[in-house]
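Data first, discussion second: the structure below is written as structure tokens.
The values are calculated or read from the model by the stated rules, or taken from the named source; none is laboratory data. Because the structure is predicted, anything quoted here is derived from the model rather than measured. Here the Cβ is made from the backbone with ideal geometry for all residues, glycine too, and neighbour counts use every protein chain on show.
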Amino acid sequence: MHQLLALGLFAFAITGSHTALAQNIQSKDLAPAGAASSSQAAKAVVGTIKVVTGLVNLQTAEGKNKFASAGTKLNVGDVINTQAKSTTVLEFIDTTQVALRPNTRFVVENYEYQPEQPIADKAEFKLVKGGLRTLTGLIGKRGSADAFALKSETATIGIRGTDFSARICKGNECNRLAKGEAEKATATNTSTADVAGRVSQLTGESFAVSAEGKRRALQKGSAVFAGETVDVSEGGYAVLSMADSTRLTLPGGSSMQVAAYRYAPASPQTSVASFKLLKGAVRAVTGAIAKAEPNNVKFFTETATVGIRGTAVDIACTSVSGGLVVCSGGANLTVELRNGQIVVTSAGVNSIIDAGQSAVIPAGGVNIQVINSLTNVLGNVPNAGPLPETTPANFETLSSTPVQSLTQGSGSSDEGSQLFVAVNDGTIVISNSNQAPLEVNRGEGAFVQTQSNLPPQLLTAPPDVIVQDITLSAPPFSAPQCAP
């Protein structure tokens with residue numbers, strides 16, 4: 001679902017503060033969730049409430065109020081209200097799923113799904129207060145790019161084929177999550193589980209290139225995903241902090257692919273990490289995966305494989321003169337071990353290398369030469385970067401942006417509100433007033449100060465108010481369905 005968004009419209013409107021609906025409902029207006037008038041029965045059903053915890057109210061377009069439960073049908077014009085300590089998951093007929101956090105007011109403003117006529121699709125929703133997470137269904141993956149629309153007082157969010165979360169906060173209410181709503185990121189926290197690592201340090205320019213060839217600039221805190229290739233410009237360097245505390249330094253002129261990466265903190269022995277050095281060098285110190293199951297961590301080049309046994313190692317592809325080059329048969333491959341033990345494999349032959357030793361495969365050769373010292377091939381390379389073991393294992397602190405750092409000096413007040421957004425998959429575009437559209441990709445977030453003309457602010461990591469909110473970070477979505 002990593003599709004680029006064309007400016008669509010899946011609209012969020014923020015209309016200000018509302019008191020809890022349950023306080024305004026008279027007992028005579030309450031009806032069982034399934035009790036509908038004949039006019040309502042004639043209306044087309046656009047979705048169903050799949051999950052309800054606590055107290056959830058539904059108000060129809062005709063103004064009728066009822067308690068909602070699992071199985072309650074949804075129609076255009078319905079307003080869904082979750083009360084304190086209450087959540088719900090909605091599923092629409094195109095398989096779009098929407099999870100609502102406590103104290104949320106959500107409106108189904110318009111909805112048209114024509115299985116045989118994708119161009120006629122339309123879904124317009126409104127978030128009045130609270131927060132939600134949306135997993136886009138078929139409407140967001142086919143037909144018109146303008147099928148989904150989300151509006152607010154100051155911003156429009158365009159969505160196509162994506163998974164994102166949003167939270168509206170009045171005044172300073174998001175500076176601290178209510179007790180019981182916050183939970184530290186876990187193995188099931190799907191807001192961060194897809195991010196393999198983040199940029200911990202950076203000098204010069206660095207880019208991530210997807211398997212499809214899409215290229216994006218990296219900055220400190222930027223996410224890196226499995227399958228992506230990280231390119232570092234000449235004269236700079238980049239340090240990656242991986243989710244399992246592995247740290248990787250890429251000197252200037254280097255290129256490395258995160259060939260495979262899957263980390264489950266609860267079961268690191270089943271996790272995997274493999275990296276392919278394409279050009280230049282990588283300096284690595286391994287983390288939890290190598291400690292739990294060393295065989296699951298590997299570094300590859302065109303000529304050799306380096307199996308890790310929990311270690312600190314440098315791998316470099318150099319020319320005869322010592323400069324960093326593409327890791328092809330015409331390059332010298334040198335592996336230097338500062339700590340631990342590795343197994344270097346070339347042409348089916350294994351060589352065990354211990355701390356303080358180096359392994360060299362000369363250009364054009366396959367035979368491994370073991371040297372009882374560190375050759376220090378990176379000693380003369382400008383901007384080789386720091387030893388990774390001297391850099392912090394700070395993946396978690398890089399993986400969310402504190403709300404306080406955003407609201408301080410933003411002019412927020414008790415009357416003002418803010419919109420926080422986190423993209424879990426795909427891409428969204430946010431625009432407001434006359435500002436240029438802001439693209440937000442997976443692993444990133446955005447902050448919009450409402451009731452102002454200030455441009456949306458890109459966040460390299462999602463806001464902590466979303467990451468740490470279990471109702472938004474890991475809703476009980478069912479398996480997504482793909483467009484035919």
Specify the residue that is surrounded by the most Cβ atoms within 10 Å (Cβ to Cβ); the eligible residues are those in the range 240-255 that are under 21 Å from Cys317 (Cβ atoms) and of a type in the set (A, V, I, L, M, F, W, C).
-> Leu240
Scan the range 86-95 and give yes if some residue there is under 18 Å from Pro476 (Cβ atoms), of a type in the set (Val, Ile, Thr), in contact with a Gly (Cβ under 7 Å, 6 or more places away or on another chain) and in a loop (DSSP other than H, G, I, E, B), otherwise no.
-> yes
With Ala355, Ala393, Ala359, Ala363 as the choices, which residue is closer than 30 Å to Glu444 by Cβ, of a type in the set (A, V, I, L, M) and surrounded by 13 or more Cβ atoms within 10 Å (Cβ to Cβ)?
-> Ala393
Tally time: how many residues in the range 390-424 are over 21 Å from the mean Cα position of the chain (by Cα) and modelled with pLDDT of 90 or more?
-> 3
Does Leu419 count as among the aliphatic types (A, V, I, L, M) and either free of Cβ contacts under 8 Å to residues at least 60 places away in the same chain or outside the structural domain of Ile93 (by TED's automatic domain parsing) (or both)?
-> no
Taking Ala284 as the residue in question, decide whether it is under 20 Å from Pro392 (Cα atoms), touching a Lys or Arg at 6+ places or on another chain (Cβ under 8 Å) and modelled with pLDDT of 95 or more.
-> yes
Only residues that are over 40 Å from the mean Cα position of the chain (by Cα) and either part of a loop (DSSP other than H, G, I, E, B) or within 17 Å of Ala331 (Cα to Cα) (or both): list them for the range 371-387, please.
-> Asn372, Ser373
Can we say Ser144 is assigned to a loop (DSSP other than H, G, I, E, B), modelled with pLDDT of 90 or more and assigned by TED's automatic domain parsing to the domain that holds Glu173?
-> no
Given (1) in contact with a Phe, Trp or Tyr (Cβ under 8 Å, 6 or more places away or on another chain); (2) modelled with pLDDT under 95; (3) crowded, with 18+ Cβ neighbours inside 10 Å, number of the condition Ser346 does not satisfy | (1)
Residue tally, condition touching a helix residue (DSSP H, G or I) at 6+ places or on another chain (Cβ under 7 Å), over 22 Å from Leu333 (Cα atoms) and either of a type in the set (Val, Ile, Thr) or assigned to a strand (DSSP E or B) (or both), over the range 260-280 | 1
Give me the pairs: first residue in the range 304-332 and assigned by TED's automatic domain parsing to the domain that holds Ile361, second residue aromatic (Phe, Trp, Tyr) and buried (at least 21 other Cβ atoms within 10 Å of the Cβ), beta-carbon distance under 9 Å, and six or more apart or on different chains, which are they?
-> Thr305/Phe299; Val306/Phe299; Gly307/Phe299; Ile308/Phe299; Val313/Phe299; Ile315/Phe299
Qualifying position, being touching a residue at least 24 places away in the same chain (Cβ under 8 Å) and in contact with a Leu (Cβ under 9 Å, 6 or more places away or on another chain), among Ala393, Ala384 | Ala384
When you look at Val360, is it in a strand (DSSP E or B), at pLDDT 95 or above and either more than 22 Å from Val239 (Cβ to Cβ) or outside the structural domain of Val232 (by TED's automatic domain parsing) (or both), yes or no?
-> yes
Exactly one of Asn81, Asn110, Asn57, Asn75 is of a type outside the set (D, E, K, R), surrounded by fewer than 21 Cβ atoms within 10 Å (Cβ to Cβ) and at pLDDT 95 or above, and that residue is Asn75
Taking Glu396 as meeting all but one of (1) within 30 Å of Cys169 (Cβ to Cβ); (2) assigned to a strand (DSSP E or B); (3) charged (D, E, K, R), write down the number of the exception.
-> (2)
Name the residues in the range 425-472 that are among the hydroxyl-bearing types (Ser, Thr, Tyr), more than 21 Å from Pro102 (Cα to Cα) and not in a loop (DSSP other than H, G, I, E, B), would you?
-> Thr427, Ser431
Only one of (1) within 21 Å of Met256 (Cβ to Cβ); (2) of a type outside the set (Gly, Ala, Ser); (3) surrounded by 14 or more Cβ atoms within 10 Å (Cβ to Cβ) does not apply to Asn295, and that is (3)
Can Val45 be described as modelled with pLDDT of 90 or more and part of a loop (DSSP other than H, G, I, E, B)?
-> yes
Index of the failed condition, Ile119 passing every other in (1) part of a loop (DSSP other than H, G, I, E, B); (2) surrounded by fewer than 19 Cβ atoms within 10 Å (Cβ to Cβ) = (1)
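Listed here are the residues, each with its yes/no results for (1) of a type in the set (Val, Ile, Thr); (2) part of a strand (DSSP E or B).
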{"residue": "Thr303", "(1), (2)": "yes, no"}
{"residue": "Cys317", "(1), (2)": "no, yes"}
{"residue": "Leu333", "(1), (2)": "no, yes"}
{"residue": "Val343", "(1), (2)": "yes, yes"}
{"residue": "Asn350", "(1), (2)": "no, yes"}
{"residue": "Asn367", "(1), (2)": "no, no"}
Is it the case that the range 127-141 has a residue that's in contact with a helix residue (DSSP H, G or I) (Cβ under 6 Å, 6 or more places away or on another chain), β-branched (Val, Ile, Thr) and surrounded by 21 or more Cβ atoms within 10 Å (Cβ to Cβ)?
-> no
